[in-house]
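Notes to accompany the following structure.
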Amino acid sequence: MNPADLQQNISNLESRLDYLGVWLLVATALVVLGLVLEYVHQIPESIKEFKESRSWWPILVVAGGILIRLV
């Protein structure tokens, strides 16, 4: 292959990589949305329990569940 063809192939691969980056962002946003919907009922309960007892445990449980699923 001559250098011009190689440069064109590199350019095409970089544009595809950018396209995949957009899809990765969309997929991550969908996961975050799913987690919010999953924990939407537990988050207010955890905040209420934190305000009453000043214990971080309920908030850590929710945060831990979200972090485990994101990793």
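Accessible surface computed residue by residue for the chain, with neighbouring protein chains in place and a 1.4 Å probe, gives 85 Å² per residue.
Per-residue surface analysis assigns I47 an accessible area of about 80 Å², computed on protein heavy atoms at 1.4 Å probe radius. In nm, give the distance between the simple-model label positions of W57 and V32, each being 7 Å from the Cα along the Cα-to-Cβ direction. Each label point lies 7 Å from its Cα, and together they span 3.0 nm. Computed in the context of the full set of protein chains, the accessible area of the chain at 1.4 Å probe radius has 69% of its extent on carbon or sulfur. Could you work out [θ]222 nm for the chain from helices alone, using -39500 (n - 2.57) per DSSP H run of at least four and dividing by all its residues? Round to the nearest 500 deg cm²/dmol. Mean residue ellipticity at 222 nm (helix-derived): -31000 deg cm²/dmol. Other residues whose C-beta falls under 15 angstrom from the C-beta of I59 contribute a net charge of 0, scoring Lys and Arg +1 and Asp and Glu -1. Taken about its Cα centre, the chain carries a charge dipole of about 260 debye when Lys and Arg each add +1 at the Cβ and Asp and Glu each add -1 at the Cβ. Just tell me, in residue order, which DSSP H segments of the chain are both 18 angstrom or longer along the helix axis (alpha-carbon based) and at least 0.5 in mean Kyte-Doolittle hydropathy. Sorted by number, the helices that extend far enough and score high enough are 3-39, 57-70.
The values are calculated or read from the model by the stated rules, or taken from the named source; none is laboratory data. None of these values were measured; they are calculated from a predicted model. Note: ideal-geometry Cβ built from the backbone for every residue, glycine included; neighbour counts use all protein chains shown. In case anyone asks, the SASA skips ligands and DNA or RNA and just uses the protein heavy atoms, side chains included. Shrake-Rupley method; radii C 1.70, N 1.55, O 1.52, S 1.80 Å.
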